[in-house]
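To start, the structure itself, in structure tokens.
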Amino acid sequence: MPSSPLPACAAEAQNQGTATGGPGLLVPDPAQWISTTTGRIAPDTYTWLQAVHWVSDSQAHTPARSHGPQFGRTTLRIAQLLAQLTPCRPGVGYLVRMLKLSERTVQYHLSILRECGLLSYTAKGSRVRQVGGRASEFVRTIPVRFDEALGLRTAESESYIRKVVGVGTDEGRRALAQLGKKASRTVRRVKRRSAKKAGSRPSSASSRCTPMGVGAVTSSPAAPTNNPSEDDFGNGNDQQHQGERKGRRRLNQVGRRYQLGLELVQQVTWLSGSPVPRVAWAVRHLADAGWTAHQVIAVLAQRTPATRIHRPVGFLTARLAGAELLYDTEAKRDAIVAWWRDSPQATRDRHAEWAGTWQAPRSTAVRSLFRHAWARAGETGRPPLAVFDEQPTSEEHREARTAAWRQYLSGRPALVTSALAIAGREQAEQIYGHDLVSRVLRLRATSSHLRTGAAR
């Protein structure tokens with residue numbers, strides 16, 4: 001099958017590389033496009049990574065510049081990440097985030113892959129006004145030098161420019177097998193070891209100095225750094241032992257106090273918004289004795305707190321005084337938790353909370369302003385609760401009372417409490433009836449979770 005003619009610049013680069021007899025793999029800029037490349041499109045990422053590792057092992061690349069990085073491990077890491085992209089349109093910022101490299105380093109190694117004939121432009125990135133930058137899109141290609149070095153026979157193809165039809169020598173087959181093993185492995189970043197040894201002292205030239213030129217002490221003799229035990233790293237797997245040490249890490253005494261304080265602030269309603277350090281100090285004796293948040297809440301639930309608590313942390317300290325001496329065993333604490341979970345008071349606390357999103361203001365001054373504003377609104381002739389185009393009918397009034405009774409019987413008297421907080425008891429009785437309003441007010445006197453905001 002006759003071969004297709006190559007572009008002039010690409011043919012010249014290929015002839016120059018072949019004539020040198022050495023590495024000399026350098027694709028010029030005009031031949032780095034899919035329309036002008038001399039290579040073939042890789043049928044899959046596995047085959048492409050074989051070509052990448054061949055360039056790395058043979059050092060076939062001749063850089064176009066005298067400075068900058070060479071084809072190495074970083075190039076292989078970038079190639080592995082490019083093999084995962086479909087289509088191959090990597091943004092420089094994405095590669096920087098994924099590989100923890102600098103932007104300039106990523107640009108260098110992308111240019112190295114293009115110079116080796118492993119990447120060919122489909123569309124070059126650019127910036128569009130009011131739209132943002134567009135990343136370049138590449139096609140993964142395999143250079144002609146790879147086919148020649150391994151003795152691969154190729155023929156023309158409509159999809160891949162050329163396709164492999166056979167391997168000429170046994171050495172080529174063995175080389176492909178070895179490259180296949182390398183393409184299957186993951187190339188990881190090598191962590192650089194510190195140049196300082198454990199017993200060496202820092203030199204005065206490398207230590208930081210104060211503005212007056214006096215050397216600053218970088219370590220404290222009171223806290224020397226000890227080398228890790230050899231037993232901890234017997235199998236050489238540092239990351240595995242670090243994970244085990246993190247899993248075995250336990251909180252110290254102060255950490256347990258803060259943990260218990262945070263759980264109480266999150267779970268106890270009247271402690272919400274209290275500073276965690278002060279709550280941790282209040283429960284320090286219980287935390288040291290190994291108490292849990294459920295055990296503390298069970299002790300607090302023995303007596304219903306007041307309707308309004310001005311000093312939550314002080315109230316908590318008074319309630320828990322001597323509790324660690326009264327419930328000094330785990331069995332006693334488990335018994336009080338079991339009682340709390342099965343008690344009617346705990347059930348009422350779980351189900352009698354106000355489900356509304358609005359709460360009446362606690363400040364007396366704000367309530368006074370609200371009552372004056374409500375009185376002025378009533379003088380203007382506006383309806384006290386809502387603006388209706390028409391007065392509610394008897395059927396609508398009956399439906400409102402039925403809905404309020406159903407919510408009350410299910411433990412959610414939100415409709416009545418809202419009317420009491422906004423309009424007062426008189427208006428609430430006109431809407432929902434004297435019997436239902438009286439029941440809600442009696443329930444408010446026995447539960448701290450109901451706050452209607454109106455005087456009885």
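The values are calculated or read from the model by the stated rules, or taken from the named source; none is laboratory data. Please read all numbers here as calculations on a predicted model, not as lab measurements. As a convention, Cβ positions derive from the backbone with ideal geometry for all residues, glycine included, and neighbour counts pool all protein chains shown.
Key figures
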read-out: Boolean, V139 is modelled with pLDDT of 90 or more and not basic (K, R); value: yes
read-out: Subset of the stretch 405-441 [farther than 23 Å from F370 by Cα and either in a loop (DSSP other than H, G, I, E, B) or of a type outside the set (F, W, Y) (or both)]; value: R406, Q407, L409, S410, G411, R412, G433, H434, D435, L436, S438, R439
read-out: Unique residue being in the same structural domain as L176 (by TED's automatic domain parsing) and either acidic (D, E) or at pLDDT 90 or above (or both) when the list is L81, L85; value: L81
read-out: Selection status of G314, in the same structural domain as S343 (by TED's automatic domain parsing) and assigned to a loop (DSSP other than H, G, I, E, B); value: no
read-out: Cβ pairs under 9 Å, 6+ apart, first in the stretch 363-375 and farther than 19 Å from R308 by Cα, second assigned to a helix (DSSP H, G or I) and not acidic (D, E); value: F370/I422; W374/I422; W374/A423
read-out: L260, sole failed condition from (1) closer than 20 Å to L326 by Cα; (2) touching a Gly at 6+ places or on another chain (Cβ under 9 Å); value: (2)
read-out: Residue list for the stretch 85-104, restricted to those being touching a residue at least 24 places away in the same chain (Cβ under 8 Å), in a loop (DSSP other than H, G, I, E, B) and touching a helix residue (DSSP H, G or I) at 6+ places or on another chain (Cβ under 9 Å); value: P90, L101
read-out: Unique residue being farther than 28 Å from L443 by Cα, touching a residue at least 24 places away in the same chain (Cβ under 8 Å) and outside the structural domain of L441 (by TED's automatic domain parsing) when the list is L260, L264; value: L260
read-out: Complete set of residues in the stretch 58-69 that are touching a residue at least 24 places away in the same chain (Cβ under 8 Å) and surrounded by fewer than 18 Cβ atoms within 10 Å (Cβ to Cβ); value: S58, Q59, T62, P63, A64, G68, P69
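To keep it simple, each residue is scored yes or no on (1) at pLDDT below 65; (2) closer than 23 Å to L443 by Cα; (3) of a type in the set (G, A, S).
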| residue | (1), (2), (3) |
| --- | --- |
| A338 | no, no, yes |
| D342 | no, yes, no |
| A373 | no, no, yes |
| L385 | yes, no, no |
| R401 | no, yes, no |
